[in-house]
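Throughout, read-outs are computed from the coordinates displayed, never taken from laboratory work. Keep in mind that this is a model prediction, so the values were computed, not measured.
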């Protein structure tokens, strides 16, 4: 009788025990839900910047101009939107990176603020770390550190004539192979993210082929341009020193819309177009230095014969800078000297240039979303074409730019 009563009590108690904390059967434990993977369009970044300028303060010569630099230089110039960029970028696959950048401050004839494509390319990773990648589309040609450096990060308001004359808008349509170890790719990214005026990631070794007529223009012959570049950012204590060398070769066509009526030239208007450049860049930690020099040959107007000829070119620049932090403000005083003797193939009649210019200024960053640059410019420029075969201009001006980043 006692045994039967004990057995009955155990049967009654079993459900109660089973309901005590920590005694749940394993088949009723629920796993935490796994967050679904975000679709690619939710991982894309959207960023951009804009630049508004005024160049006429303390101006001594309204005929001193630089068409490629800034069309608002000189007479009839006023407030000017130099750039209005929005950038869409991101990975749609671990090995597929998309980059799109239009500019809404381009010009078409006398019409300003026209939308125009700057970059539209895809990077295809060839290995799990994307150390090897192929870039297809319109992008910057890997030639010259300053050309590859974004205008959002550059200290002088415009790129230097000797190297920027290589490619209009620094870009063209083609295919480029890049390689860099993962740790160096991280270093390239850090140099931009930390505000050290980096150029971005164009690999340690680069090789490519492209049309050669410059960005947003159709190919005009059957000869592709070829470019190669090698660089390395050395870590020297707290400083980083990057040295580079690059070169390109091809044939450029001075098309009918780039020639004045009556100007003479080669029978088919094809001209040899080749250059090589050496670069040294000490990143501003806190003292900075960027020096580049290039030589080559290309189309250039000759006022003595009133014709476009293949001529030698040479020139370079040195930019000095210093990074100064005062509480939450950052200041970059800078100065640049440049010389150039050669043509600009993408301007009217492959306009001939002789440049001997100096500029000095300061960039002020009160926060990461706004920058103010003031620079004083001393210009000594000769720029000649069929319409103006004798055009030497000397002058000075104070330039101001406000830039907003988002």
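Summary of values
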| read-out | value |
| --- | --- |
| Ratio Rg/Rh, restricted to the stretch 119-229 and using Cα atoms, in which Rh is the Kirkwood radius | 0.97 |
| Sum of -39500 (n - 2.57) over DSSP H runs of 4+, divided by residues of the chain (222 nm, nearest 500) | -2500 deg cm²/dmol |
| Size-normalised alpha-carbon gyration radius of the stretch 274-386, reference 2.2 N^0.38 Å | 1.35 |
| On Cα atoms only, tilt of 2-18 relative to the major axis of the chain in degrees | 20 degrees |
| Kirkwood Rh (inverse of mean 1/r, distinct Cα pairs), the stretch 178-250, angstrom | 14.0 Å |
| Convex hull of the chain built on C-alpha atoms - directionally averaged projected area, nm² | 29.0 nm² |
| Degrees between helix 182-193 axis and first principal axis of the chain (Cα, 0 to 90, nearest 10) | 70 degrees |
